[in-house]
Amino acid sequence: MPDDDFDTFFRTRSPALLRAAYLLTGDRHLAEDLVQEALARTHLAWSRLRAEGSPEAYTRRIMYNLQVSRWRRSKFAEVRTDRVPETRHHQDEAGDAVNRLAMRRALGSLPVRQRAAVILRYFEDRSEAETAEILGCRIGTVKSHLSRAIARLRELLPELSDSGVEGASR
Amino acid sequence: MNDNNLHLRLHELADEMLDTDYTDLRERVDTSTRRIRRRRAAATTVAGITAVAVVAVGGWALASRTHGGPQPATTPAGTPAGTPTTGPSAVASPTAPAAQAVPTAVPGTLVYLDVVAGKPITMTTVTDGVSRHTTFGTAAENDTYWFAPSPDATRLAVVESPNFANVVPGDLVIVMAGGTRHTVARNVVGVPLWMPDGQHVLVTVVGSSATSTVVDVNTSTTTTAQPAVADKSYLTWSANGQWLAYGGSTDVTVTAADGTDKTTTSVAALPECHQRPSCPTAVQAVSDDGRYVALGSRPTDTRTAREAHLVLDMQTGSLVSLPTTGPGVGADKIWFRPDGGMVVHTATNDGKYAFVLVRADGSTLATFPDTTEQGPSGRHLVAYHP
């Protein structure tokens, strides 16, 4: 049954979609809204997507494109800052929390397309070609987004400088 | 853990997203699916109707304030408010839908706010019966005044005044989900009013004189409000953004959104205008065709209506009969539906509240208990979006 299939898809893929959406939006409520909308559109197109065998790619494409268009409509939602908390290197809960906060703010300071490219490339481990396909742009544009984004992240999070986040192209 | 690894740092951050209520999310996905499906169906229907109309009138049509569809039953405007002399018409007009499906919950989105100093500011939205809660940080002492939720219910606007009661100017602040606050204008008095685009807020800025000002909440830029909306009391737009309405001391005015096509109707004959210091000219809602307005008592702040208990037909000057849930109780909030019907929030005899869905012909489609409202000092209904 198609709806059973969609239920299975929802159960198995929602957690991963929510994690990516959280990185994209920086807010758990907005992340849930984003995934909700993307999954609803997926549900509506389910018969076709199931036949084509690519529902998750479609959902992710919808999710990233929705976030870009929402950002265009409401740039205010982007809380940009040049100040990120000083990161801590010793391993305790407070240190982890500070590091996550610093990462969230640094990620939030990126323009939405750069942020999307970073998440697809370094969180989802997509190739540059896959990233370009999802974002609907050329590979060269993805490279440009990544280059600027990494430079910005290094500026805000100096400890990333030797993280090996550049160069690897697939 | 290697702190110097972007991949790991991203995964650590994403781990914050672990405690989602998936049952709730699944319901919300289904609700969104139905909403999108309805919109697509409506768009198809409108396109079809438009095509037929174009053929019927030879390629042109005139916009008319008077809708040709079913209209609520009315009584003369001199009727005591809140006590309609005739009930809703039991006979549907010839153009009423033959069999309107009865929904299982109030269609659209109801917005409730819970603001208590020292506790989380909580917005509860109920969309097609599905609830979700969003917090906007902790309420400060000055936050006990009126918050205005944005049309998409993702932000709140509030004027943080050092002394709101004495109309001391304060900052216009936009509060994001999670509690981040952004000051977008200073020297503001009164309650902020969101404009239909959800990107601008209308306020009064105090300088050498008080000026109606439109603030772009994205850029904090301000512009003087257009005459159509400047210095208007109890101003509100129709849900489709095509009409606006505002109240005077004893009359109500409806215009097209650009200020043209103006109609002013007096309510001075209402007994309330004789028995109380002021007439019920605070406009809570105006219908999508600009014909009907929901009116309530005039609060001290002239920016926004807090309640509505009667509906005025601007075309005939008559009151529209409203449903009642029992003797001595009546409507306290009224909004209009795109289908010509209404959502009436009304008290019930057991001290609680209910929603009555009213068809375009004035008959009752369905009644639902309001299980979210928590009384005057707790969570309260502040907005409805069809």
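The values are calculated or read from the model by the stated rules, or taken from the named source; none is laboratory data. Since we're looking at a predicted model, the values are computed, not measured. Positions of Cβ are generated from backbone atoms using ideal geometry, with glycine treated the same way; all protein chains shown enter the neighbour counts.
Annotations
- Residue check, residue A:60 out of contact with any Lys or Arg (no Cβ under 8 Å at 6 or more places or on another chain) and at pLDDT 65 or above: yes
- The one condition in (1) under 19 Å from the mean Cα position of the chain (by Cα); (2) of a type outside the set (Asp, Glu); (3) modelled with pLDDT under 90 that residue A:11 fails to fulfil: (1)
- Filtered by the rule that a residue be facing chain A (nearest Cβ under 7 Å) and in contact (Cβ under 8 Å) with a residue 24 or more places away in the chain, the range B:10-37 gives a lone residue, B:28.
- Residues satisfying the stated conditions in the range B:297-319, i.e. within 17 Å of residue B:266 (Cβ to Cβ) and surrounded by 24 or more Cβ atoms within 10 Å (Cβ to Cβ): B:310, B:311, B:312, B:319
- Test: residue in the range B:177-194 that is in a strand (DSSP E or B), assigned by TED's automatic domain parsing to the domain that holds residue B:223, within 30 Å of residue B:356 (Cβ to Cβ) and modelled with pLDDT under 85: yes
- Restricting the range B:189-226 to residues that are without any contact (Cβ under 8 Å) to a residue 12 or more places away in the chain and away from every other protein chain (no Cβ under 14 Å), the residue that is nearest to residue B:152 (Cα to Cα): B:223
- When residues of the range B:320-339 are limited to those that are surrounded by 19 or more Cβ atoms within 10 Å (Cβ to Cβ) and in contact with an Asp or Glu (Cβ under 8 Å, 6 or more places away or on another chain), the one farthest from residue B:210 (Cα to Cα): B:320
- Residues of the range B:128-155 that are modelled with pLDDT under 85 and assigned to a loop (DSSP other than H, G, I, E, B): B:139, B:140, B:145, B:146.
- Filtering the range B:324-345 to residues that are more than 20 Å from residue B:128 (Cβ to Cβ) and touching a residue at least 24 places away in the same chain (Cβ under 8 Å) leaves B:324, B:325, B:330, B:331, B:332.
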